[in-house]
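Report on the structure given below.
Computed from the coordinates by the stated procedures, all read-outs in this text should not be read as laboratory data. All values reported here derive from a predicted model rather than from experimental measurement. Counting neighbours? That spans all protein chains shown, and the Cβs are built from the backbone with ideal geometry, glycine included.
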Amino acid sequence: MKLKIYQVGEPVLRQVARPLTTEEIRSAAIHQLIDLMRETMRDSIGVGLAAPQVGDSIQIAVIEDIAEYQKTLPAHILAERGRKTIPFHVVISPLITVEESATVTLFEGCRSIDGFAALVPRAASVKVECLNEHGEARIIEAQGWYARILQHEIDHLNGTLYIDKMISRSFMNKDIYTKNWHTKSANDAKRTFLGKT
Ligand code: ZN
């Protein structure tokens, strides 16, 4: 079974989600939700999904990037995006700190803003302190695409969407992104839409 993904305009996507108690994290209801979120993320070919996107204003996100999603991309583009395989994991009640304030600008999409993409500047590396699905404390140090996914999903838990941070001149229809930019360098897109690198 997959869950309905809420679309931009639904108030739940703009609320600050509440943290969970350890007792809640270990409950059957939350574990069932995590299973359904994993299924929903995989069904939508996404690399992350936050609970507000399925209508639950609680601080849970699931993340996974599998090799199959990357096979359409040439090696130099995977390298530019810092994209590597990320095993499935759960991020609960996260606290994010920027480790490297230098930003990287790449295209990003969101299943809650279906059918669009835009260039979004993000911190190059971040540190996330969170709990896992067993309520155990975890520290994640992430760079590249993984750091981007974490920033995107944790933004969801704070009611923020990528359109709040995007370079608006680069906002585009997903089909045009797929046709013209998916396998291209983001520097070419920056030149096209911003007239600079
Ligand atoms: Zn999203």
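Close Cβ contacts (under 8 Å, 6 or more residues apart or on different chains) running from residues in region 60-84 that are over 16 Å from L106 (Cβ atoms) to residues that are among the basic types (K, R) and not in a loop (DSSP other than H, G, I, E, B) comprise V62/R38; E64/R38; E64/R42. Within region 6-38, restricting attention to residues that are within 14 Å of the ligand (Cβ to nearest atom), touching a residue at least 60 places away in the same chain (Cβ under 8 Å) and part of a helix (DSSP H, G or I), the residue that is nearest to the chain's Cα centre (by Cα) is L13.
Contact annotation: no residue pair with Cβ atoms under 7 Å, 6 or more positions apart or on different chains, pairs a residue in region 164-184 that is over 21 Å from V104 (Cβ atoms) with a partner that is among the hydroxyl-bearing types (S, T, Y) and surrounded by fewer than 16 Cβ atoms within 10 Å (Cβ to Cβ). Here is the figure for region 46-64: residues that are part of a strand (DSSP E or B) and more than 27 Å from T178 (Cα to Cα) total 2. Only strands (runs of 3 or more DSSP E) whose full extent lies in region 65-157 are considered here, and the ones with at least 3 residues that are surrounded by 17 or more Cβ atoms within 10 Å (Cβ to Cβ) and out of contact with any Phe, Trp or Tyr (no Cβ under 6 Å at 6 or more places or on another chain) are 86-108, 116-131. Taken over region 111-134, the residue count meeting the criterion of being in contact (Cβ under 8 Å) with a residue 60 or more places away in the chain and within 18 Å of I63 (Cβ to Cβ) is 5. Would you confirm whether or not region 82-93 contains a residue that is of a type in the set (S, T, N, Q) and more than 24 Å from C130 (Cβ to Cβ)? No; the residues of region 82-93 include none that is of a type in the set (S, T, N, Q) and more than 24 Å from C130 (Cβ to Cβ).
Could you tell me whether I25 is surrounded by 14 or more Cβ atoms within 10 Å (Cβ to Cβ), farther than 25 Å from I163 by Cα and out of contact with any strand residue (DSSP E or B) (no Cβ under 7 Å at 6 or more places or on another chain)? So I25 does not fit the description; no. Of the residues making up region 39-89, those that are within 14 Å of the ligand (Cβ to nearest atom), β-branched (V, I, T), within 18 Å of R148 (Cα to Cα) and out of contact with any strand residue (DSSP E or B) (no Cβ under 8 Å at 6 or more places or on another chain) number 1. Within region 158-185, restricting attention to residues that are in a helix (DSSP H, G or I) and touching a strand residue (DSSP E or B) at 6+ places or on another chain (Cβ under 6 Å), the residue that is farthest from the ligand (Cβ to nearest atom) is S170.
Being aliphatic (A, V, I, L, M) and more than 23 Å from L157 (Cβ to Cβ) is a condition met by at least one residue of region 78-92.
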